[in-house]
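The values are calculated or read from the model by the stated rules, or taken from the named source; none is laboratory data. Predicted, not measured: the structure shown is a model, and the values here were computed from it. A quick note on method: Cβ atoms are made from the backbone with ideal geometry, for glycine too, and the neighbour counts reach across all protein chains shown. All accessible areas refer to the heavy atoms of the entire protein, side chains included, with ligands and DNA or RNA removed. Shrake-Rupley method; radii C 1.70, N 1.55, O 1.52, S 1.80 Å.
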Amino acid sequence: MPSTSVDHSAMPAAETAPAPAPGTAGRPRANPWLTLLAVAFGLFMVQLDGSVVAIANPEIGGDLHASTAQLQWVTNAYLLALAATLILGGKLGDRFGRRTYYLAGVAGFTLASVAIGLSGSIEGVVAFRALQGAFGGLLMPNTLGLLRSVFPPKKFAMAVGIWAMVSAVATALGPIVGGLLVEHVDWESVFYINAPIGVAAVVFGALVLPESRNAGGRERFDIPGLVLLALGLLAVVFGVVKGETWGWTSAGTLGAVAAGLVLLLVFGRYEMRVEHPLLPMRLFRSRALTIGAIVTALNFFVMLGVIFFVMLYLQNVRGFTPVEAGVRTLPLSLASLVASPLGAALTQRFGPRLTMPLGMLLQAASCFGMLTWQTDSSYATMWPPFIALGLGVGMVMSASSDAIVGNAPVRDGGVAGGLQATTLQIGGALGTSVLVSLISARVGATLTGELIEAGVTPAVADRLGEAEDAVAMGVAPVSGDLPAGLRAAVVEGSGQAFMNGVHVAVIVTGTLCVLGAVLAAAGLRLPRPRSAEAP
């Protein structure tokens, strides 16, 4: 790739310009841009699903009479299954056929989505959500693996930029689409919408996608590595998603995360000794790939964590409907639409050492800008942080995805895609859990004082202080039988306590973004002169 710090020239020459699959020259299956269009269908479906389900959860809980713990597993089952299968899905695609496993993932994800809508019980929803996550683990890494196998290095950055644009826009559109479906149809339609997208993805993909796989012979599959990796990731993600409810210092949380980290360390040591590893440790010799993985996790820590509490603020504190809240976040969607190809172009021209830090600094500016938000802030204070966040996330996603997958040999494209998707999911899970915990802790520390300052008597404020969990979600603990004056005071004090928590959360995320910018600027190489690039 011209003028970028991702060193494609270190790869064997046969890998830098992949040839079309046998028998496909001159046919649509050999066209890399048609390949990009085909994988965009599956990518859009998975990313849209991830954000629309959050809108549907309250309706699912009410309709199926689910407890809060059961409702949490609608999300947790999906996250755990996805985290455990992403690298495996990429490895299977690299070895047996990326097209085959991508299409299997799309078909399975689509069927599982329909089954969720037909299940009729919370147990069925949770079970099929886990199955949906497993098929997502086959689908996601092979989108990037397929792109890596058909695009030459000089065009790969732009392909990843468009890939990132599809992902970011689908994620940002989720609240609007989910709100419309939940309000005007039913919660099942949130899952049924995947059916037409999935059918189109399978049909179009079967027509245009080229098959690609490694030519490595019959190497033995790394079963012990698979077990160690799956158990390690399951334990870490389980500890992360339960940390908010169990408490971050509880024995359960610390034990799960510690056990997962030990298993991952054992996995890494084992992979360095096995002849045919599931995840080749040699990939991490690339500084760009390693930093790209760290920044990817941080990028989605910020994006998913911030979007989570922003939607709570807009719906529960400001009183907007899901659709109205989604419309107000449109600047974020539009900025993401622009930022992903812009980030790809900047990465190709100047290298990720410019794009990654710039994107992280834009996200930091967005987070620090939210410090001005109050319970009655005008929309003029909201849209600039939305635009900065969308620009930053899109630029970082383009640059970090290119650094991870573009810096891996073609033969490891699926595994690198799985690594990218795994760090993304872990970062997103951490962002939501950690920021909710920060908000909850700050609400618990300030709720009683804010209620008293708003005019609630100390005795009533102490009693209402027990509702800190609801207030941490932006919900004021009021009922219809409260006098109007007391009701207004409770709403004011609860809203201010929630904003105290939000301000702590954005200070933490903004600081992490600055640290991420410093890491990328200091750790990545400057672009090399064009004369030094491999042909």
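The table below lists the values:
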{"quantity": "Computed label-point distance, nm, for sites Gln374 and Val478 using a 7 Å Cα→Cβ extension", "calculated": "1.8 nm"}
{"quantity": "Carbon and sulfur %, accessible surface of the chain computed with the full protein complex present, 1.4 Å", "calculated": "68 percent"}
{"quantity": "Distance in nm between pseudo-label sites at Glu123 and Arg287 (7 Å out along the Cβ direction from Cα)", "calculated": "5.5 nm"}
{"quantity": "Base-10 log of normalised Debye intensity for segment 278-349 (one unit scatterer per alpha-carbon) at q = 0.14, 0.18, 0.20, 0.23 Å⁻¹", "calculated": "-0.66, -0.86, -0.95, -1.07"}
{"quantity": "Prolate/oblate/rounded call for segment 351-427, Cα gyration tensor, a/c under 1.5 rounded", "calculated": "prolate"}
{"quantity": "Förster radius 25 Å - calculated FRET efficiency between Val227 and Ala206, Cβ distance, rounded to 0.05", "calculated": "0.15"}
{"quantity": "Relative contact order for segment 361-508, counting Cα pairs under 8 Å that sit 6 or more residues apart, in percent", "calculated": "27 percent"}
{"quantity": "Gyration tensor (alpha-carbon) shape descriptor, segment 49-137, a/c threshold 1.5", "calculated": "prolate"}
{"quantity": "Sequence-separation-based contact order of the chain, relative, with Cα cut under 8 Å and 6+ spacing, percent", "calculated": "23 percent"}
{"quantity": "Cα-based helix-to-principal-axis angle, 251-271 vs the chain, degrees rounded to 10", "calculated": "10 degrees"}
{"quantity": "Cα gyration tensor shape for segment 134-224, rounded if a/c is under 1.5, else prolate or oblate", "calculated": "prolate"}
{"quantity": "Neighbour-limited loop hits for trypsin sites (Lys or Arg not before Pro), segment 267-307 (at most 10 other Cβ within 10 Å; DSSP other than H, G, I, E, B)", "calculated": "Arg273"}
{"quantity": "Gain in span if fully extended, Leu486 to Ala522, counting 0.36 nm per residue against the direct Cα distance", "calculated": "7.5 nm"}
{"quantity": "Heavy-atom surface of the chain, accessible at 1.4 Å and reported per residue (Å²)", "calculated": "38 Å²"}
{"quantity": "Residue (of Ile223, Leu131, Val150) at the positive-pole extreme of segment 101-245, dipole from beta-carbon charges", "calculated": "Val150"}
{"quantity": "Cα pair count fraction exceeding 24 Å, expressed as % - segment 284-427", "calculated": "34 percent"}
{"quantity": "Cβ-based net charge around Asp186, under 9 Å, with every Lys or Arg adding one and every Asp or Glu removing one", "calculated": "-3"}
{"quantity": "Neighbourhood charge, 11 Å Cβ-Cβ cut-off, centred on Met382 and excluding it, Lys, Arg +1 and Asp, Glu -1", "calculated": "+2"}
{"quantity": "Leading residue at positive end of dipole, segment 375-501 (Cβ point charges), from Ser494, Phe386, Leu447", "calculated": "Phe386"}
{"quantity": "Residue-wise HN-Hα coupling along segment 390-397, computed from phi with Karplus coefficients 6.51, -1.76, 1.60 (Hz; x: Gly, Pro)", "calculated": "x, 4, x, 4, x, 5, 5, 5"}
{"quantity": "Point-to-point label distance, Val185-Asp469, nm (Cα→Cβ direction, 7 Å offset)", "calculated": "3.2 nm"}
{"quantity": "Percentage relative contact order, segment 53-139, counting C-alpha pairs under 8 Å, at least six apart", "calculated": "43 percent"}
{"quantity": "Candidate residues Thr423, Thr372: accessible-area rank, largest first, probe 1.4 Å", "calculated": "Thr372, Thr423"}
